[in-house]
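Worksheet: the structure to be examined is printed underneath.
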Amino acid sequence: MSGKKKNLSGLNSGFITDASDMRIGVVVSEWNGEITSALLKGAVDTMKSMGVEEEKIHVYHVPGSFELPMGAKLLAANLKVDAVICLGCIIQGETRHFEFISNAVANGITKVALDTGIPVIFGILTPGNYQQAKDRAGGKHGNKGDEAGATVIKMIKLKRELSTNK
Ligand code: DLZ
């Protein structure tokens, strides 16, 4: 995860849609909170810059990344959201069960999206160490939160386009 192609920000350039009526849930892991707070700021700033209204962004926290799929499912079931963003940070060098947690989270998020039919965005860093996490949470490699914020709007737009063509 390095180099020019891997800069995570700037993905919304040239993309235009009306996002003012989009309702978006955000689930944030408390583990590695300094990093996940920066991801949250990136996601919210990007969504607002693309037209999402602040009061339509619903932010909830869970203890760790392992709880993100369940958090996403609870938001999807209980809030009238168009999509959910999951934000977390699992650091390989500091997490003994790195593979287990990362795979469980990726599979869980995929399952929630397919089961509920609403987009659930994977905004989770899986760096080798803490510095690599900082580099991708508002540092020299951009902010994966920005990427998640732009992705959620693109997926809602896609879903709406295909729904109206039925
Ligand atoms: C237990 C654990 C560890 C070791 N590392 C991380 C991590 O790097 N990032 C993260 O988001 N969560 C971690 N957790 C917590 C688990 O995700 C989970 O919250 C607990 O195992 C309780 O289910």
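The values are calculated or read from the model by the stated rules, or taken from the named source; none is laboratory data. Remember, it's a predicted structure, so these values are computed and weren't measured experimentally. Virtual Cβ from ideal backbone geometry, glycine too; neighbours counted across all protein chains shown. Surface areas here come from the heavy atoms of the whole protein model, side chains and all, with no ligands, DNA or RNA. Shrake-Rupley method; radii C 1.70, N 1.55, O 1.52, S 1.80 Å.
Excluding ligands, DNA and RNA, what is the solvent-accessible area per residue of the chain at a probe of 1.4 Å, expressed in Å²?
The answer is 53 Å² per residue.
Between Thr17 and Glu55, what is the FRET efficiency for a Förster distance of 22 Å, r being their Cβ-Cβ separation, to the nearest 0.05? Show your work: numbers first, answer last.
Details: r = 19 Å, r/R0 = 0.87.
Using R0 = 22 Å, I get an efficiency of 0.70.
For every helix of n ≥ 4 consecutive DSSP H residues, a contribution of -39,500 (n - 2.57) applies; sum these over the chain, divide by its total residues, and give [θ] at 222 nm rounded to the nearest 500 deg cm²/dmol. Write down the numbers at each step before the final one.
Working: 5 runs with 74 residues, N = 166.
The helix-only estimate for the chain comes to -14500 deg cm²/dmol at 222 nm.
Quick one: if the Förster radius is 25 Å, what FRET efficiency do Ser37 and Leu162 give, using the C-beta to C-beta distance and rounding to 0.05?
0.15
Give the cross-link partners of Lys134 among the aspartates and glutamates, using a straight C-alpha distance below 13 Å as the criterion and excluding same-chain residues fewer than 8 apart.
Output for Lys134: Glu34.
Can you list the HN-Hα couplings for segment 130-140, worked out from phi with the Karplus curve (6.51, -1.76, 1.60; θ = phi - 60°), rounded to whole Hz and with x for Gly and Pro?
5, 5, 4, 5, 4, 4, 10, 10, x, x, 5
Roughly to the nearest percent, how much of the accessible area of the chain is carbon and sulfur, given a 1.4 Å probe?
Numbers: 4760 of 8740 Å².
On the chain, the fraction of accessible area on carbon and sulfur atoms equals 55 percent.
Is the shape of the chain best called rounded, prolate or oblate, per the rule: a/c under 1.5 gives rounded, else a/b larger than b/c gives prolate, else oblate, with a ≥ b ≥ c the square roots of the Cα gyration tensor eigenvalues?
Values: a/c = 1.82, a/b = 1.30, b/c = 1.40.
The shape class here is oblate.
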